[in-house]
Amino acid sequence: MSASDTIIKARWFAPLLGFGSIAAAVLVLELFIRIGVINRITIPLPSDILLAFPRVIVEEDVLSRFLLTATEALTASILVTFFGVAGGVILYHFRLLRAATETWIAAIAAAPLVLIYPLYLVIFGRNASTIVMMGFTAGLAPVTLKTLEGLSATRRVLIDVGRSFNLTPWQQFWKISFPSALPTIFVGMRLGLIFALINIVGVEYLINFGGLGQLINELTDRFDLPGTYAAICFVILVSMCVFFLTERLERWLRPVE
Amino acid sequence: MLDDATHEANYAMAVVTTSSGIDRGPPEPILVVDNIVKNFYTPDGVVRALDCVSLGVAPGEFVGVIGPSGCGKSTLFNIIGGLLDGFEGSVRVAGEAVRGPHPAIGMIFQEESTFPWRTVIDNVVFPLELAGLPKSERYDKARQFVRMVGLDGFERRYPSELSGGMRQRVSMARTLAAEPKILLMDEPFAALDEQTRLLLGDKVLAIQQQLQQTTLLITHNITEAVQLADRIFVMTYRPGKLKRMVKIDLPRPRTSEIVSSEAFGRYVAQIWSDLREEASRGLKDDETSRNRGGAS
């Protein structure tokens, strides 16, 4: 094996390559803005964004805003997972209900649900409940549909193995159908959580309430573009935290695929 | 090893025509399949899959059922295993009628059927977990079966890390762990290459010998059936009936080396001459239905 093969196969190489690529892209962006290819009024210099971080952290109380958005995202994720998976299981077991509603649920998944926020403002008021419920509503359909898809795709032979061991319907579900469907359910959860997070930050921005979405709104109003982009980086951090937790949960429930 | 003349005589005696539908099997069978008739209702009309199929399997006996594609072998497998209902006739295990999956019958399926989310040992422990055995006891017992199928050292591996033959052995160990009185196998090595199939046949023979396991093997592979079975039932093409019973008088314990013997070759040739006619009918039928499909 050559030295280059050894490096490529090293565990640290792929993450390093990822970070390196991002750093290179940022440097190219910095260069393009400095030489005037990109207008610096539209996009701030990455170095200015970097310098804005301490200001955003100290002056804008970003930690509490980050925690608020993260808590809203986590709450919506738990609700989405619980009700989405339960919805998928119910549709799987009741064929008539599935036939009657599956198309509608698929249509809801593709709809711009953020437009429903005025109704939620009336129902829940201008508070965190509206934001969490918006995230929940947006993430519910993909989780439900993917749960249904995963359960329906359980291989016939695995069901027959369960039947040959005389499993009860409850055992058949928990010991065979559900673990078999888990990889697809997690695909749905990732999709659902993306939809939920987009809506949470979007509604925070629109109603100017809560965590990072509100901060981005305020910084934009002040034309503080480096600060705005620095705050967006914290939104990405929330997304990374949620995905990290999802991945851990999947690895725990189903160690290999 | 028996000489050729003795085999010729044994073979002549062993071949029993079963067109009457009455089994000439053992006097006290543990498994009795009695006059099974199964129809499938399709948009094109009623298709009779099985027609008056009767057979018996004695305790500790290894019986093969062989037939061409589409003769109803898998239907018979599912009926005996209790996975299919809506048939005439009966299946009895030690005198008790089978209505649905029966704890005395363990099934090994043609398709790969390990649980991909469980390790080898956790797959094998599955029926013991259902039986409610204490954790240490069930793992000790499962390890015995893992060893029996020759997978010791692979206990912590997942099925995705194993070859097709190893996965089938995991399925076998899982079924054996339930300690069924009757092992029912539906073309368990169909997806494997010929060499692996022969070697796994050795493993099956050794296990069957060790446990004195009553086994019913359903297959379309003549070599496999002759290598493993004490008696072979040859089925007709649709509707599936038992055409002939052949007693395989090859010495035991057997290994795959027996496939090179003359006697083995003669059994294979004789069964093929019975099967050839049925397989040709199946092929013709398949071509006709494809032509009809193409024309419409």
How many of the residues making up region B:170-181 are part of a helix (DSSP H, G or I) and either closer than 17 Å to B:Thr255 by Cβ or out of contact with any helix residue (DSSP H, G or I) (no Cβ under 7 Å at 6 or more places or on another chain) (or both)? 3
The correct count of residues that are in contact (Cβ under 8 Å) with a residue 60 or more places away in the chain, under 26 Å from B:Val91 (Cα atoms) and assigned to a loop (DSSP other than H, G, I, E, B) in region B:182-197 is 3
Regarding region B:285-294, can at least one residue be identified that is within 23 Å of the chain's Cα centre (by Cα) and either open to solvent by less than 60 Å² (accessible area, probe 1.4 Å) or under 28 Å from B:Glu61 (Cβ atoms) (or both)? no
Hey, does region B:95-113 have a residue that's hydroxyl-bearing (Ser, Thr, Tyr), in contact with a Leu (Cβ under 9 Å, 6 or more places away or on another chain) and in contact (Cβ under 8 Å) with a residue 60 or more places away in the chain? no
Whichever residue in region A:145-169 is open to solvent by less than 10 Å² (accessible area, probe 1.4 Å) and away from chain B (no Cβ under 14 Å) and, among such residues, is nearest to A:Ser77 (Cα to Cα): A:Thr147
Residues satisfying the stated conditions in region A:181-216, i.e. open to solvent by less than 10 Å² (accessible area, probe 1.4 Å) and small (Gly, Ala, Ser): A:Ala181, A:Gly188, A:Gly192, A:Ala196, A:Gly211, A:Gly213
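Considering every residue within region B:128-151, establish whether at least one is within 25 Å of B:Gln209 (Cβ to Cβ) and either assigned to a strand (DSSP E or B) or within 8 Å of chain A (Cβ to nearest Cβ) (or both).
Residues of region B:128-151 that are within 25 Å of B:Gln209 (Cβ to Cβ), as a first pass: B:128, B:140-151.
Within this subset, residues satisfying the condition of being either assigned to a strand (DSSP E or B) or within 8 Å of chain A (Cβ to nearest Cβ) (or both) are none.
Scanning region B:128-151 turns up no residue that is within 25 Å of B:Gln209 (Cβ to Cβ) and either assigned to a strand (DSSP E or B) or within 8 Å of chain A (Cβ to nearest Cβ) (or both).
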If you check B:Met13 against the conditions, is it part of a helix (DSSP H, G or I) and either modelled with pLDDT of 90 or more or open to solvent by 50 Å² or more (accessible area, probe 1.4 Å) (or both)? yes
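Would you confirm whether or not region B:106-123 contains a residue that is of a type in the set (Gly, Ala, Ser), within 18 Å of the chain's Cα centre (by Cα) and within 20 Å of B:Leu50 (Cα to Cα)?
So the first thing to find is which residues in region B:106-123 are of a type in the set (Gly, Ala, Ser), and the list is B:106, B:113.
Cutting the leftovers down to within 18 Å of the chain's Cα centre (by Cα) gives us B:106, B:113.
Restricting the remaining residues to those that are within 20 Å of B:Leu50 (Cα to Cα) gives none.
No - not one qualifying residue is present in region B:106-123.
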With respect to the numbered conditions (1) under 30 Å from A:Phe124 (Cα atoms); (2) within 13 Å of chain B (Cβ to nearest Cβ), which one is the sole condition not fulfilled by A:Ile216? (2)
Got a sec? Which of A:Leu68, A:Leu63, A:Leu74, A:Leu97 is closer than 22 Å to A:Gly202 by Cα, free of Cβ contacts under 8 Å to residues at least 60 places away in the same chain and touching a helix residue (DSSP H, G or I) at 6+ places or on another chain (Cβ under 8 Å)? A:Leu63
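Let's see how each residue does on (1) touching a strand residue (DSSP E or B) at 6+ places or on another chain (Cβ under 7 Å); (2) assigned to a helix (DSSP H, G or I); (3) at pLDDT below 90:
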{"position": "A:Arg190", "(1), (2), (3)": "no, yes, no"}
{"position": "A:Leu193", "(1), (2), (3)": "no, yes, no"}
{"position": "A:Val203", "(1), (2), (3)": "no, yes, no"}
{"position": "A:Asn217", "(1), (2), (3)": "no, yes, no"}
{"position": "A:Thr220", "(1), (2), (3)": "no, yes, no"}
{"position": "A:Ile232", "(1), (2), (3)": "no, yes, no"}
{"position": "A:Val238", "(1), (2), (3)": "no, yes, yes"}
{"position": "A:Cys241", "(1), (2), (3)": "no, yes, yes"}
{"position": "A:Val256", "(1), (2), (3)": "no, no, yes"}
Just to be sure, is A:Thr137 in a helix (DSSP H, G or I), open to solvent by 10 Å² or more (accessible area, probe 1.4 Å) and more than 10 Å from every other protein chain (Cβ to nearest Cβ)? yes
Is it true that B:Gly100 is more than 30 Å from B:Glu278 (Cα to Cα), open to solvent by 10 Å² or more (accessible area, probe 1.4 Å) and within 12 Å of chain A (Cβ to nearest Cβ)? yes
Name the residues in region B:106-115 that are open to solvent by 10 Å² or more (accessible area, probe 1.4 Å), more than 7 Å from every other protein chain (Cβ to nearest Cβ) and not charged (D, E, K, R), would you? B:Gln110
Checking B:Val46 against (1) at negative phi; (2) out of contact with any helix residue (DSSP H, G or I) (no Cβ under 6 Å at 6 or more places or on another chain); (3) open to solvent by 40 Å² or more (accessible area, probe 1.4 Å); (4) assigned to a loop (DSSP other than H, G, I, E, B), the condition it does not meet: (4)
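The values are calculated or read from the model by the stated rules, or taken from the named source; none is laboratory data. Since this is a predicted model, take the numbers as computed values, not measurements. Counting neighbours? That spans all protein chains shown, and the Cβs are built from the backbone with ideal geometry, glycine included. Calculation scope for accessible area: heavy atoms of the full protein, side chains included, ligands and nucleic acids excluded. Shrake-Rupley method; radii C 1.70, N 1.55, O 1.52, S 1.80 Å.
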